[in-house]
Amino acid sequence: MTDIIDPYHFTAGSAPLLISIPHAGTQLTPEVDNGLSDAARPLGDTDWHIPRLYDFAHALGASMLVGNYSRFVIDLNRPADDTPLYTTATTGLYPETLFDGRDSFTPGMTPTAAHRRHYLAQIWHPYHQRIQSELARIKHQFGYALLFDAHSIASVIPRLFDGRLPDLNLGTNGGASCAAALSDRLVDCCQKQSPFSHVLNGRFKGGYITRAYGQPDANIHAVQLELAQVNYMNEMAPYAYAEEKAPQLQALLRSLLENMLDWADSHYQ
């Protein structure tokens, strides 16, 4: 069985905030690399450039956890038992299709069940163990913890949603993963600007990470943000970062994170 090297990259911070980035990884195992279809070969469903987009958050003191392996190996934002998160079209723990419905693997070339159990043990579990340990550390230090799960996706994917996706898609699992006052604060932050559209708990209300770790009654507040990629990158391969667009979006992202931290600081005083 292929050794898994460095399933994630983690940077510890000084603030009560952990930013999780599960879908930016592009590393492949030999089995996945050999089996990918031509359609999947460009890794189009990757959350491209998200660590770069959120690089400013280090200066805010945020801890940052970034998955290194592609979601085509294993999806870190799906439950370990692969229970579907949405009743509408979606992808699973081991994506067999692209977001647009095309096959991820050449027929007969999907990784074996044994390989996939190995990915679960050596990639998925370490990532989630790090989330758990960092949230526990933050809560022990501050009495509460904030989790921000950072994602992006192409702005138009007819199989998943109608029309163009709003620019910022905040998800709190229908209000279950964080205090209502916190989500209200974030929505208010979005409403105070005009360039970017936004929605709360629309098509993307939060994946497994948000749902599993957001426990406001235990003083752990989790929010997912799904960004429309058109606002900071070229959505066509090779998926170039848009230097001229990204700073405006980064300014709003910084405001969202600052509001999250300010809300928690005042709430828990």
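The values are calculated or read from the model by the stated rules, or taken from the named source; none is laboratory data. A quick note: this is a predicted structure, and the numbers were derived from the prediction, not measured. Heads up, the Cβs are rebuilt from the backbone with ideal geometry, glycines too, and the neighbour counts pull from every protein chain shown. To get the accessible areas, we keep the full protein, side chains included, count just its heavy atoms, and leave off ligands, DNA and RNA. Shrake-Rupley method; radii C 1.70, N 1.55, O 1.52, S 1.80 Å.
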Exercise. Just by accessible area at a 1.4 angstrom probe, what is the order of Val199, Val32 from largest to smallest?
Worked result: Val199, Val32
For this session: With a 1.4 Å probe and every protein chain left in place, tell me how much accessible area Glu258 has, in Å² to the nearest 10.
Result: 70
Seminar exercise, completed: Once phi for every residue in region 128-138 is put through the Karplus expression 6.51 cos²θ - 1.76 cosθ + 1.60 (θ = phi - 60°), the whole-Hz ³J(HN,Hα) values, with Gly and Pro written as x, are 6, 5, 5, 4, 4, 5, 6, 5, 5, 5, 4
For this session: Just name one of Val187, Val32, Gly44: the one whose Cα is farthest towards the positive end of the charge dipole of the chain (beta-carbon charges, Lys/Arg +1, Asp/Glu -1).
Result: Val187
Problem set entry | Zone of Arg52's modelled label, taken as backbone nitrogen in region 1-38 under 20 Å from a point 7 Å along Cα→Cβ | 9-11, 20-28
Exercise. In the Gaussian network model of the chain, springs joining C-alpha atoms below 10 Å, which of Ala57, Ala114, Ala12 carries the largest mean-square fluctuation?
Worked result: Ala114
Exercise. If ligands, DNA and RNA are left out, what is the accessible area of Ser133 with a 1.4 Å probe, given in Å² to the nearest 10?
Worked result: 60
Seminar exercise, completed: Counting only protein heavy atoms and leaving out ligands, DNA and RNA, the solvent-accessible surface of Ile153 at a 1.4 Å probe, in Å² to the nearest 10, equals 10
For this session: Report ³J(HN,Hα) in whole Hz for each residue of region 35-50, in order, from the Karplus equation J = 6.51 cos²θ - 1.76 cosθ + 1.60 where θ = phi - 60°; Gly and Pro get x.
Result: x, 4, 6, 4, 5, 8, 3, x, 6, x, 8, 6, 7, 4, 6, 4
Exercise. What do you reckon, how do Arg52, Arg185 stack up by accessible area (1.4 Å probe), largest on top?
Worked result: Arg52, Arg185
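Could you do me a favour and compute the accessible area per residue for the chain, 1.4 Å probe, result in Å²?
Accessible area per residue: 42 Å².
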Exercise. How far is it, in nm, from the label point at Ala59 to the one at Lys139 when both lie 7 Å from their Cα along the line to the Cβ?
Worked result: 3.2
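To the nearest 500 deg cm²/dmol, what mean residue ellipticity at 222 nm is calculated for the chain from DSSP H runs of n ≥ 4 alone, each contributing -39,500 (n - 2.57), summed and divided by the residues?
-8500 deg cm²/dmol
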For this session: Take every Cα pair under 8 Å in region 6-266 that's 6+ residues apart, average their separations, divide by the length, and report that relative contact order as a whole percent.
Result: 22
Exercise. Points 7 angstrom from Cα along the Cβ direction at Ala113 and Ala176: gap in nanometres?
Worked result: 3.0
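Using DSSP, restrict attention to beta bridges with both residues in the chain and report what percent are antiparallel, rounded to the nearest 5.
Values: 12 of 33 bridges.
The answer is about 35 percent antiparallel.
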Problem set entry | Reach of Lys205 by Cα under 23 Å, taken over lysines that are not fewer than 8 positions away in the same chain | Lys192
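Under a Cβ-Cβ cut-off of 13 Å, what is the net charge of the residues other than Gly206 that fall near it, where Lys and Arg count +1 and Asp and Glu count -1? Numbers along the way, then the final one.
On the way: positive: Arg78, Arg203, Lys205, Arg211; negative: Asp149, Glu226.
That sum, taken over residues with Cβ under 13 Å, equals +2.
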For this session: Quick one: pull the percent of accessible area on the chain belonging to carbon and sulfur, 1.4 Å probe, ligands and nucleic acids left out.
Result: 50
Exercise. Considering only Ala176, Phe72, His128, whose Cα is most displaced toward the positive end of the charge dipole of the chain, charges sitting on Cβ of Lys, Arg (+1) and Asp, Glu (-1)?
Worked result: Ala176
Problem set entry | Built amide H within the under 5 Å cut-off of Thr97, gap 5+ | Gly92, Ser104
